[in-house]
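Colleague: One structure follows; several queries about it will come next.
The values are calculated or read from the model by the stated rules, or taken from the named source; none is laboratory data. Predicted model only: the values in this text are computed from it and were never measured. Every residue, glycine as well, gets a Cβ built from its backbone with ideal geometry; the counts of neighbours run over all protein chains shown. Note: accessible area is taken over every heavy atom of the protein model, side chains too, but ligands, DNA and RNA are not part of it. Shrake-Rupley method; radii C 1.70, N 1.55, O 1.52, S 1.80 Å.
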Amino acid sequence: MDSGSFPTIPPLDVQAMEQAQARWATRAMPPGALGRLQDLGVHLAGIAGVCPPPAPCNPVVVVFAGDHGVVADGASAWPSEITAAMVATVSDGGAAISVFAEVVGAQVVMVDVGVKTPLPPDPGVRDERVADGTASIATGAAMSRGQAEAALDVGCRIASELLDRGADCLIGGDLGIGNTTPAAALIGAFTGRSAQEVTGAGAGVPAGGLDHKRQLVGIAIERAKACTEPLEVLATAGGLEIAALAGLYITAAEHWIPFIVDGVIAGAALCAADALAPGTAARAIAGHRSSEPAASIVLGYLGLDPLLDLDLRLGEGTGACLAFPLVQAAATALADMADLPEPG
């Protein structure tokens, strides 16, 4: 995918949304009784371009994994080798996202887009490796332009394949030790916020290391200020799995398919996706509010209201996956609830 090939994302279908509003007003309940589920139903109608919108029944969680050179600079309390171990855990069905996906009836696709540790052949892991992790954002750009484009293309291709096979709701997940550092840098770069505002502890920093992590994020934000286009920002401050997530979101938006966004890593990817293909974020469903500070900054910046607020900060797509039944319920209620009874 080159910088000139990003699709034009159509605006939400206003007519379908107006029809959804009118339909809610005639359902068998007091006006507004389903609260924010009604707003979600209207949003789904706008995404699908039809009222009532189809209720998704074939959700797929795509977990992209990649490593980050900035871990060697003290960005995380955990070594990069943990990423490979967690990829295996997802493949074996033992990760939190594996459990939650089973609960909601979602398929999980595990994708290696840039894990540093060589992975053994595993039929449960799709090999789409662009590089063995990124370079450190503390010393230079995380990726070359070509690597960023290749990782974006991974997300776009996988989304297209899944949609062709009948997926009707995409849920993006992430794995990558140290990935809250580039996520914070990207969010700071795209929203204009400072390293102090966007940097949280993530999965853990070395003792007394939050100030050091903020310094690393600040270096990357400053470097990104010299960038002249969104793809360059993504390559400078981002990550391979973040770029792949952005590609997934853009493709779902292009095809009028709902996609549910997870936490702070996903939020960074959505910022990049919306900058590359404006209008992508308007079609996003915010699954939850991560406890990472930059997550709320993204939600405010993109005008998204999360469905859940459970103090989650795991990633993997967990919060987005848990929100799927609400998406399904909103669409089903709008379609199947009875008409308001006539007086008398």
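Colleague: Placing unit charges on C-beta atoms (Lys and Arg positive, Asp and Glu negative, everything else neutral), compute the dipole magnitude of the chain about its Cα centre in debye, rounded to 20.
Modeller: 500
Colleague: Under a 1.4 Å probe, what is the accessible area of the chain per residue, stated in Å²?
Modeller: On the way: 13150 Å² over 344 residues.
About 38 Å² of surface per residue is accessible.
Colleague: Output wanted: per-residue J couplings in Hz (rounded whole) for region 72-89, from phi through Karplus 6.51 cos²θ - 1.76 cosθ + 1.60, θ = phi - 60°, x for Gly and Pro.
Modeller: Listing the rounded values in order: 5, 9, x, 6, 9, 7, 10, x, 4, 4, 4, 4, 4, 5, 6, 4, 5, 5 Hz.
Colleague: If you don't mind, another one. Quick one: P(r) of the chain from all Cα-Cα pairs, 10 Å bins, percents rounded to integers, in order of increasing distance.
Modeller: 6, 28, 35, 20, 8, 2, 1, 0
Colleague: Continuing with the same structure: Using Cα atoms only, what is the angle between the long axis of helix 318-336 and the major principal axis of the chain, expressed in degrees (0 to 90) to the nearest 10?
Modeller: 20
Colleague: Taking only C-alpha pairs under 8 Å that are 6+ residues apart, what is the relative contact order of region 89-166 in percent?
Modeller: Computed value for region 89-166: 21 percent relative contact order.
Colleague: May I pose another question? Once you have a ≥ b ≥ c as the square roots of the Cα gyration tensor eigenvalues for region 206-260, tell me rounded if a/c is under 1.5, and otherwise prolate or oblate according to whether a/b is larger than b/c.
Modeller: Oblate is the answer for region 206-260, as a/c is 1.5 or above yet b/c matches or exceeds a/b.
Colleague: Tell me, what is the FRET efficiency for S296 and A72 to the nearest 0.05, using R0 = 35 angstrom and their Cβ-Cβ distance as r?
Modeller: On the way: r = 29 Å, r/R0 = 0.83.
Efficiency for this residue pair is about 0.75.
Colleague: Amide H neighbours of V109 under 5 Å, at least 5 residues apart or on other chains, H built in the peptide plane: list them.
Modeller: V61, V62, V63
Colleague: Report, in whole Å, the centroid distance computed from the Cα atoms of region 55-91 and region 29-52.
Modeller: Region 55-91 and region 29-52 have Cα centres spaced 34 Å from each other.
Colleague: Also, I was wondering about something else. Ranked highest first by the average count of other Cβ atoms within 10 Å around their residues, in what order do 179-189, 252-262, 153-163 fall? Don't jump to the answer; show the numbers that get you there.
Modeller: Details: 179-189: 32.1, 252-262: 24.9, 153-163: 21.0.
The most tightly packed comes first, giving 179-189, 252-262, 153-163.
Colleague: Using only Cα atoms, tell me the angle between helix 14-24 and the longest principal axis of the chain; keep it within 0 to 90° and round to the nearest 10.
Modeller: Once rounded, the angle reads 60 degrees.
Colleague: Moving on to the next point. Toward the positive end of the charge dipole of region 67-178, about the Cα centre and with charges on Cβ (Lys, Arg +1; Asp, Glu -1), which of I82, H68, A138 goes farthest?
Modeller: A138
Colleague: Another question, if that's okay. Quick check on packing: order 88-99, 26-37 by the mean number of other C-beta atoms within 10 Å, highest mean leading.
Modeller: For the peptides 88-99, 26-37, the packing ranking is 88-99, 26-37.
Colleague: If you don't mind, another one. Using a 10 Å cut-off on Cβ atoms, rank the peptides 293-303, 109-119 from the highest mean neighbour count down.
Modeller: With the highest mean Cβ count within 10 Å placed first, the list reads 109-119, 293-303.
Colleague: Determine, from the Cβ-Cβ distance of Q19 and L310 and an R0 of 22 Å, the FRET efficiency 1/(1 + (r/R0)^6), rounded to the nearest 0.05.
Modeller: So the FRET efficiency works out to roughly 0.10.
Colleague: H255 to E161: extension gain in nm, 0.36 nm per residue of separation minus the Cα-Cα distance? Don't jump to the answer; show the numbers that get you there.
Modeller: Values: separation 94, 0.36 × 94 = 33.84 nm, distance 1.21 nm.
Here the answer is 32.6 nm.
Colleague: Right, something else. Taking the Cα centre of each part, how many Å lie between region 137-155 and region 109-124?
Modeller: When both Cα centres are located, 18 Å separates them.
Colleague: Is it possible to state the helix-based mean residue ellipticity at 222 nm for the chain, with each DSSP H run of 4+ residues giving -39500 (n - 2.57), the sum divided by total residues, to the nearest 500 deg cm²/dmol? What is it? Walk me through the intermediate numbers first.
Modeller: Numbers: 13 runs with 160 residues, N = 344.
Rounded to the nearest 500, it is -14500 deg cm²/dmol.
Colleague: Something else about it: Given the Cα-Cα distance of S144 and V104 and 0.36 nm per residue of separation, how much length would full extension add, in nm?
Modeller: 10.6 nm
Colleague: Please tell me the relative contact order of the chain in percent, rounded to the nearest whole number, where contacts are Cα pairs under 8 Å and at least six residues apart. Intermediate values should be presented prior to the final figure.
Modeller: On the way: 791 pairs, mean separation 85.1, N = 344.
Here the relative contact order equals 25 percent.
Colleague: Angle between the Cα long axis of helix 36-48 and the longest principal axis of the chain, 0 to 90 degrees, nearest 10?
Modeller: 80
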